[in-house]
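Undergrad: Next up is a structure, given as structure tokens.
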Amino acid sequence: MQRSDAGHMTEAEGKPGSDEPTKQSSLHEKARQICDIARGFYQRGWVLGTSGNFSSVLSRHPLRLAITSSGVDKGLMEPANVLEVDQEGSVLSGAGRPSAETLLHIMIVRCRGAGAVLHTHSVWSNILSEAFRSRGGVEIQGYEMLKGLDGIQSHDEREWLPVIDNSQDMTALSSLIADHLGSLPRCHGFLLRRHGLYTWGRDLEEAKRHIEILEFLLEVIGRTHGFAGQN
Ligand SMILES: [Zn+2]
């Protein structure tokens, strides 16, 4: 499926009759891909301990997601640690309980028509979400790496990564994030304050690339602004 900009995807694009990218995919295949991503991100220090969570759409009608089980060390993740959940976040198959942030994944899939959602708890996303909180977000412009984000053609294009206050109330947080995404149709992700980075893509490969691009840019900006501290 060719889209000009992941930020412009809508749920309608994933409805029957479209070339839905995830329709034929099995839970096991997605679970293996998610485990590879989890171990890779763990090695990079982006999801230490049991932090972070990852999901991929298995079907849209009805909505079914493969999502990481809560409380599993991302460096030791196995396919059996990936669950299938429905549109309410209830487990349909697999042992374990889904992440508390499952509702956020479901909301992002619905708001953006995304095929995969990835979430890291990196050092730089924590530092910059606090440092830029008073500005409401992080403006990123002028970097060649921006072109790794779907739909961005030039280093001169502007990416705005909003900072949203963290909460343990997932229903309220989901609603707040939906409001931000509704007002920022071109953004590729957001930061939860002192918590981490969320991004998405049409599939796991694209979402993984977006994490890598955004984590790179956050680190560059952090170091450029001297937030490196003791580094
Ligand atoms: Zn989190």
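Since every read-out is calculated from the coordinates, none of them should be taken as a lab result. No experiment lies behind these values; they were computed from the predicted model shown. For neighbour counting, all protein chains shown are included, and Cβ atoms are generated from backbone atoms with ideal geometry for every residue, glycine included.
Undergrad: Any idea how many residues of the range 41-64 are away from the ligand (no atom under 16 Å from the Cβ) and in a strand (DSSP E or B)?
TA: Matching residues across the range 41-64 total 7.
Undergrad: Here's something else I'd like to know. Can you report the number of residues in the range 59-72 which are out of contact with any helix residue (DSSP H, G or I) (no Cβ under 8 Å at 6 or more places or on another chain), more than 18 Å from Ile108 (Cα to Cα) and not polar (S, T, N, Q)?
TA: So the answer is 1.
Undergrad: Given the residues Leu191, Leu176, Leu204, which is the only one that is under 19 Å from His105 (Cα atoms), in contact (Cβ under 8 Å) with a residue 12 or more places away in the chain and surrounded by fewer than 17 Cβ atoms within 10 Å (Cβ to Cβ)? Can you show your working first?
TA: Details: Leu191 fails: surrounded by fewer than 17 Cβ atoms within 10 Å (Cβ to Cβ); Leu204 fails: surrounded by fewer than 17 Cβ atoms within 10 Å (Cβ to Cβ).
From the options Leu191, Leu176, Leu204, the qualifying one is Leu176.
Undergrad: Let me ask something else about it. Can you tell me which residues in the range 105-124 are touching a helix residue (DSSP H, G or I) at 6+ places or on another chain (Cβ under 6 Å) and part of a helix (DSSP H, G or I)?
TA: Of everything in the range 105-124, those that are touching a helix residue (DSSP H, G or I) at 6+ places or on another chain (Cβ under 6 Å) and part of a helix (DSSP H, G or I) turn out to be Met107, Arg110, Cys111, Trp124.
Undergrad: Something else about it: Just one of Glu157, Glu139 is away from the ligand (no atom under 16 Å from the Cβ), over 20 Å from Gly52 (Cβ atoms) and part of a strand (DSSP E or B); which is it?
TA: Exactly one of Glu157, Glu139 is away from the ligand (no atom under 16 Å from the Cβ), over 20 Å from Gly52 (Cβ atoms) and part of a strand (DSSP E or B), namely Glu139.
Undergrad: Counting just the residues of the range 72-103 that are more than 21 Å from Leu173 (Cα to Cα) and within 14 Å of the ligand (Cβ to nearest atom), which one comes out surrounded by the fewest Cβ atoms within 10 Å (Cβ to Cβ)?
TA: Val72
Undergrad: Related question: Just checking, does the range 193-215 include any residue being assigned to a strand (DSSP E or B), within 14 Å of the ligand (Cβ to nearest atom) and hydrophobic (A, V, I, L, M, F, W, C)?
TA: Scanning the range 193-215, I find at least one residue that is assigned to a strand (DSSP E or B), within 14 Å of the ligand (Cβ to nearest atom) and hydrophobic (A, V, I, L, M, F, W, C), so the answer is yes.
Undergrad: Hey, another quick one. Pick from Gly89, Gly142: which is free of Cβ contacts under 8 Å to residues at least 24 places away in the same chain and within 17 Å of the chain's Cα centre (by Cα)?
TA: Gly89
Undergrad: Okay, next question. Filter the range 142-154 for residues that are surrounded by fewer than 16 Cβ atoms within 10 Å (Cβ to Cβ), out of contact with any Phe, Trp or Tyr (no Cβ under 9 Å at 6 or more places or on another chain) and part of a helix (DSSP H, G or I) and give the result.
TA: Answer for the range 142-154, where residues must be surrounded by fewer than 16 Cβ atoms within 10 Å (Cβ to Cβ), out of contact with any Phe, Trp or Tyr (no Cβ under 9 Å at 6 or more places or on another chain) and part of a helix (DSSP H, G or I): Glu144, Lys147.
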